[in-house]
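Working notes, beginning with the structure itself.
The values are calculated or read from the model by the stated rules, or taken from the named source; none is laboratory data. Keep in mind that what you see is a predicted model, and the values were worked out from it rather than measured. Cβ coordinates were reconstructed from backbone atoms using ideal geometry, including for glycine residues, and neighbour counts include every protein chain displayed.
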Amino acid sequence: MRSFTYRQHTFRAFLLTAGLFVFACAASAQTMPHPSASPSSDPTQNSLSKDDKDVNFGSLENENRAKMEIKEEKKKYDEHLARAREVSELASQLSDNYDKRRSFAADDAKRIERMEKLTKRIRNDAGGSEADTDADVKDILADTKSLVKRVAELADELQKLVEKTPRNVVSTAVIGQANRLLGLVQRLRGVSR
């Protein structure tokens, strides 16, 4: 009798193993795509956003897009530097003209307006915003000659700060310097009228 039960157990184990093998083959056949079949929609891919689907690292299109963004940032930074240089040049010209004439001419009023506009743009590009610039001015000078000289000094310092500041950096030093310069330029505009 024992041999009969042993044979039954062996047969049952064999059938169970064969059944599991058939079940595993059927399951793997369902998950493996057939070369001739159309691609199935994966539910995990549907949950990705459009931007995530478009990301293809190493693709030529993404590389070119990144290069264009870098070029655009570099161009904006160069324009930022050029504005700082122009502010310094305008302040220097204004100072030289005032030293020669001891008064302001019509073109000096245009220089002052241009300096104010460019300095605001520098401040905004550096991460600052419209603020009460008169509150930041600690060194309001009584005589016009000293005021014009101080504007030229602050403009030169602003240019140096902008040149030292890397792009994509919010610089509180540049913002503060621009605010001080704006306060003096606005005061100078009032005096020049």
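Take residue 138 and tell me if it is surrounded by fewer than 16 Cβ atoms within 10 Å (Cβ to Cβ), at pLDDT 90 or above and closer than 13 Å to residue 181 by Cβ. Considered against the rule, which asks whether it is surrounded by fewer than 16 Cβ atoms within 10 Å (Cβ to Cβ), at pLDDT 90 or above and closer than 13 Å to residue 181 by Cβ, residue 138 comes out as no. Need pairs with beta-carbon distance below 6 Å; first residue touching a residue at least 60 places away in the same chain (Cβ under 8 Å) and over 10 Å from residue 92 (Cβ atoms) and within region 143-157, second basic (Lys, Arg) and assigned to a helix (DSSP H, G or I); sequence gap 6+ or separate chains. Within 6 Å, the pairs are 154/180. The number of residues in region 83-99 being over 36 Å from the mean Cα position of the chain (by Cα) and surrounded by fewer than 16 Cβ atoms within 10 Å (Cβ to Cβ) comes to 2. Among residues belonging to region 159-179 that are closer than 14 Å to residue 82 by Cα and free of Cβ contacts under 8 Å to residues at least 12 places away in the same chain, point out the one that is surrounded by the fewest Cβ atoms within 10 Å (Cβ to Cβ). Residue satisfying both the conditions and the ranking: 164. Restricting attention to region 100-129, the residues that are under 25 Å from the mean Cα position of the chain (by Cα) and not in a loop (DSSP other than H, G, I, E, B) add up to 10.
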